[in-house]
Amino acid sequence: RGSRARALPDRALVNCQYSSATFSTGERKRRPHGDRKSCEMGLQLRQTFEAAILTQLHPRSQIDIYVQVLQADGGTYAACVNAATLAVLDAGVPMRDFVCACSAGFVDSTALADLSHVEEAAGGPQLALALLPASGQIALLEMDARLHEDHLESVLEAAARAARDVHTLLDRVVRQHVREASVLLG
Amino acid sequence: MRSRRRFPPLAVMAPPVRYCIPGERLCNLEEGSPGSGTYTRHGYIFSSLAGCLTKSSENGALPVISVMRETESQLLPDVGAIVTCKVSSINSRFAKVHILYVGSTPLKNSFRGTIRKEDVRATEKDKVEIYKSFRPGDIVLAKVISLGDAQSNYLLTTAENELGVVVAHSESGVQMVPISWCEMQCPKTHTKEFRKVARVQPEFLQT
């Protein structure tokens, strides 16, 4: 739940909560809320969106982002970030830029982008990257495995390229939506 | 002689509407000044909302570049705004209200407000009884004094002559007529009830 006494005097507070449905994974999850992974994911989403949302415009306010995963087949963080970007944009909250995310891994000396659940479960190193495409700034970069630094460049490049492709797609869809909405409203 | 066919004058075409998305670079800081829905970085103006670009050409100064969304953003009650609200419940210490209108614009979702006992009147604040000032269902004109604390209830005041109850129904269900600043009378049963009545300007009264 959101904080009550933690209102910041000069910025908006961004509060993110992640939950996954019990039927989202292969085996039915027993405890969907409050577990460590949900808390950590919520924290990562908050860090990502604090970098993108112009919080100075709304002091002493709170922006809530609730994400629920219905089907998890790898790349859940990336899917959450992309979906939340569209939601924040639709709500009219001013943002610096889109946030596009993608996961990447390294298998058999090849960098792979957008890993599926099977590829993630194989145990190789995986990287999650959230990018602000217009300026090329990285909002969040997370990896918790061992990867040799020589390979980091290629994996990062694969993730960045995939995130830019996502941005191209979102760009086209949002423009079409804005055009249709303005035609409807005359 | 060939007769010339007169073509009707072409309708003036509206300038093409340009849509933008967050992060899109609009122009240089020398060509325009940033308005709402934009931000500046490294000498350029970028859009921060998804909507249409509007340029307002000022006389002499740079045009103001802003991005407008189609859906109107909700008008929020600001400190000092006159609001129209409906009393939902009363207590010996305060009255809870639903804020319905801000000025003359209706709100899409109503906000909650509180009128404390000491904010009902300007004089004799400690002798106020809420039961004799408001009842549930009354329509009240109030002014916002604070945006509220953690429970997010706006704090309102009626401590002015022009603020207070404007429409009230008596216990028999008939709309009452004000007879003084603290009493209203039911036209059917002629019973008087206590309210903190607003002195509405005569030009706003509809008879």
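Per residue, the accessible area of segment A:13-185 comes to 55 Å² when a 1.4 Å probe rolls over the protein heavy atoms.
For the chain pair A and B, buried accessible area totals roughly 1600 Å², probe 1.4 Å, rounded to the nearest 100. Exactly which chymotrypsin sites (Phe, Trp or Tyr not before Pro) in segment A:1-68 are in a DSSP loop and have at most 16 other Cβ atoms within 10 Å? Here the sparse-neighbourhood loop sites are A:23. A straight Cα-to-Cα reach below 23 Å connects residue B:127 with the lysines B:96, B:117, B:143, B:192, B:196, residues fewer than 8 places away in its own chain not being considered.
Here the contact order of segment B:110-207, divided by its residue count and restricted to Cα pairs under 8 Å and six or more residues apart, works out to 25 percent.
With every protein chain in place and a 1.4 angstrom probe, the accessible-area ranking of A:38, B:36, largest first, reads B:36, A:38.
Compute the accessible area of each residue in segment A:143-186 twice, once for its chain alone and once with every protein chain present, using a 1.4 Å probe on heavy atoms, and list those whose area falls by at least 50 Å². Checking the loss per residue gives A:175, A:178.
If R0 is 30 Å, the Cβ-Cβ spacing of residue A:50 and residue A:154 corresponds to a FRET efficiency of close to 0.55. Relative to the current alpha-carbon distance between residue A:175 and residue A:71, full extension at 0.36 nm per residue lengthens the span by 34.7 nm. Listed by chain and number, the aspartates and glutamates whose alpha-carbon sits under 19 Å from that of residue B:125, ignoring those within fewer than 8 places in the same chain, are B:160, B:162, B:183. Between residue A:19 and residue B:42, the FRET efficiency estimated from the beta carbon spacing at R0 = 41 angstrom works out to 0.60. With the whole protein complex present, residue A:177 retains an accessible surface near 100 Å², based on a 1.4 Å probe.
Remark: the residue B:162-residue B:124 segment gains 11.9 nm on full extension, using 0.36 nm per residue and subtracting the alpha carbon distance. Between residue A:164 and residue A:31, the simple label model (points 7 Å from Cα in the Cβ direction) yields a spacing of 4.4 nm. Within the full protein context, the accessible area of residue B:174 is estimated at about 40 Å² for a probe radius of 1.4 Å.
Put a dot 7 Å past the Cα of residue A:87, heading toward its Cβ, do the same for residue B:182, and the two dots end up 5.3 nm apart. Per-residue ellipticity at 222 nm computed for chain A from its helices equals -13500 deg cm²/dmol, with DSSP H segments shorter than 4 residues left out and the rest contributing -39,500 (n - 2.57).
Measuring nothing but how far apart in sequence close Cα pairs (under 8 Å, 6+ apart) lie, relative to its length, chain A scores a relative contact order of 19 percent.
Which lysines does residue A:29 reach when only Cα atoms under 28 Å apart count, and residues fewer than 8 places away in its own chain are ignored? Partners found: A:37. Accessible surface of the protein assembly as shown, 1.4 Å probe: 53 percent of it comes from carbon and sulfur atoms.
Applying 1/(1 + (r/R0)^6) with r as the Cβ-Cβ distance of residue B:174 and residue B:17 and R0 = 56 angstrom yields a FRET efficiency of 0.55.
Peptide B:42-48 shows a mean partner chain C-beta count of 3 within 10 Å per residue C-beta. In the complete set of protein chains, residue-level accessible area for residue B:25 is approximately 140 Å², probe 1.4 angstrom.
The values are calculated or read from the model by the stated rules, or taken from the named source; none is laboratory data. For clarity, every value in this text was computed on a predicted model and none was experimentally measured. Virtual Cβ from ideal backbone geometry, glycine too; neighbours counted across all protein chains shown. We work out accessible area using only protein heavy atoms, side chains counted, and drop any ligands, DNA or RNA first. Shrake-Rupley method; radii C 1.70, N 1.55, O 1.52, S 1.80 Å.
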